[in-house]
Amino acid sequence: MGLSPAQRKRVAWRYALMRGFLDLKEAGRVTGTDESISGNMDAICTAAGPYLQEAMPDPEYDLQLREWEAGRGRKPRTPRETPRPGPCSPRALRSWLSLYRKGGKAALVDRCARQGNVTSPFTAEEVTLLAEVVRAEYMTPQRKTQAAVAKDVKIRFAAENERREAEGLPKLKVPGRDAVRGFIQRLDRFQVLITRHGIEHAMKKMRAVKDGVQVSRPLERVEMDEHKIDLITILAQSGLLALFSEAELEMLGLNDPKKRWWLVLAIDCRTRCILGMVLTCDPRTSAALKCLRMVVSDKGQFADSVGALAPWSIFGTPEMLVTDNGAAFKSATFTSACTDLGIHAIQAIGGSRSPDPQDPVGAPLARPRGTPELQPDAGRVADP
């Protein structure tokens, strides 16, 4: 599975404690009450140790241990390096057991990586000015270093603050070196390579090195996911923020620092076409259903409303819909809609990798970097 080392450690720790508890419960040494679990927590942690052992176990030691537990023979010497998880609360242990029974070991993956405030600490005006300086100084063939760009940002903000002070306006917060570097690291790497090294170098550097998910026809496999985004930073990087006035930002709620914007998106693995896209500040089941409705519906009205030159007429009923383990995709409303449409819905761990597309635990959630140019009706299939 494509999990970080910290995630793997937490999953292994929870799984080991749960298995240690079950082993003791089967032996009749512990029950499921708070008093029993708390009183036997030390024994549970000891029983969980073998489940954290990464090296191959010694069958001779295992045999001697079983003989000793049965009352025959001497207790074998414990290996020097025996892993042992820390204690946990009885409530947490029972919750992990419930998750394991519903979804197996994959259900023990937490969302600690999503915690924290991911929005920018700067205002929309500050982000816009920062993006302008980065585009002018960093996204150039001169290939300035990030440290040099940070100095340019400091100079530009100082000049802007002098102008604002003369006009009686409040000063802007000056981004530090780390803030500039973080902003640069969030830029699209392909666009950075094009502007700094040229298109040939970018194509060579970013070419695919693996086959990825193997599908043979459109809508054979569609992947849907939801992701928290810093909308203000994205609009500033793309230059779209300058198109909105303060009144429009206020009306749309884009300048509210308390809002957390989410993007729900569906993509066809064969054609790499975007079949549905919903931007919301409340990623509940309704947003997932809206995205699913866009997948099976003609979206020409959206293209017409913005005056797009190419139609957005790609739609159809997916044969397989792969999502992560998000709450919106697990709800009865969403799964029932998939069943009514005849869609085989598979839940996978976000970011995991598995060669078997039928595996509901490790099915891959590929995220292509971009969508190739297609003919207007190249991905269109029969009406659902």
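Residues that are among the polar types (S, T, N, Q), at pLDDT below 85, in a loop (DSSP other than H, G, I, E, B) and touching a Gly at 6+ places or on another chain (Cβ under 9 Å): does region 344-361 have at least one? Before the answer, list the steps.
Looking only at region 344-361, we keep the residues that are among the polar types (S, T, N, Q), and these are 347, 352, 354, 358.
Now drop any that are not at pLDDT below 85, which leaves 347, 352, 354, 358.
Narrowing further to those that are in a loop (DSSP other than H, G, I, E, B): 352, 354, 358.
Cutting the leftovers down to touching a Gly at 6+ places or on another chain (Cβ under 9 Å) gives us 352, 354.
Scanning region 344-361 turns up at least one residue that is among the polar types (S, T, N, Q), at pLDDT below 85, in a loop (DSSP other than H, G, I, E, B) and touching a Gly at 6+ places or on another chain (Cβ under 9 Å).
May I ask you to say which residue of Arg163, Arg156 is assigned to a helix (DSSP H, G or I), of a type outside the set (Phe, Trp, Tyr), under 26 Å from Glu248 (Cα atoms) and over 26 Å from the mean Cα position of the chain (by Cα)? If you could, list the steps in order and put the result at the bottom.
On the way: Arg156 fails: under 26 Å from Glu248 (Cα atoms).
It is Arg163.
So, of the residues in region 301-321 that are aliphatic (A, V, I, L, M) and surrounded by 13 or more Cβ atoms within 10 Å (Cβ to Cβ), which turns out to be farthest from the chain's Cα centre (by Cα)?
Filtering region 301-321 down to residues aliphatic (A, V, I, L, M) leaves 303, 306, 308-310, 314, 320-321.
Applying the additional criterion that residues be surrounded by 13 or more Cβ atoms within 10 Å (Cβ to Cβ) yields 303, 314, 320-321.
On the way: Ala303: 28, Ile314: 26, Met320: 20, Leu321: 17 Å.
Checked region 301-321; the qualifying residue farthest from the chain's Cα centre (by Cα) is Ala303.
Filter region 199-232 down to residues that are among the small types (Gly, Ala, Ser) and modelled with pLDDT of 80 or more and give me whichever is surrounded by the most Cβ atoms within 10 Å (Cβ to Cβ). Let's see the steps before the verdict.
First, the residues of region 199-232 that are among the small types (Gly, Ala, Ser): 202, 208, 212, 216.
Imposing the further condition that a residue be modelled with pLDDT of 80 or more reduces the set to 202, 216.
Details: Ala202: 18, Ser216: 7.
Result: Ala202.
What helices (runs of 4 or more DSSP H) lie completely within region 206-321 and have 1 or more residues being in contact (Cβ under 8 Å) with a residue 40 or more places away in the chain? Talk me through it step by step, then tell me what you get.
Working: elements: 231-238, 246-252, 285-295, 300-305.
Qualifying helices (runs of 4 or more DSSP H): 231-238, 246-252, 285-295.
The values are calculated or read from the model by the stated rules, or taken from the named source; none is laboratory data. Remember, it's a predicted structure, so these values are computed and weren't measured experimentally. Note that each Cβ is placed from the backbone with ideal geometry, even for glycine, and that neighbours are counted across all protein chains shown.
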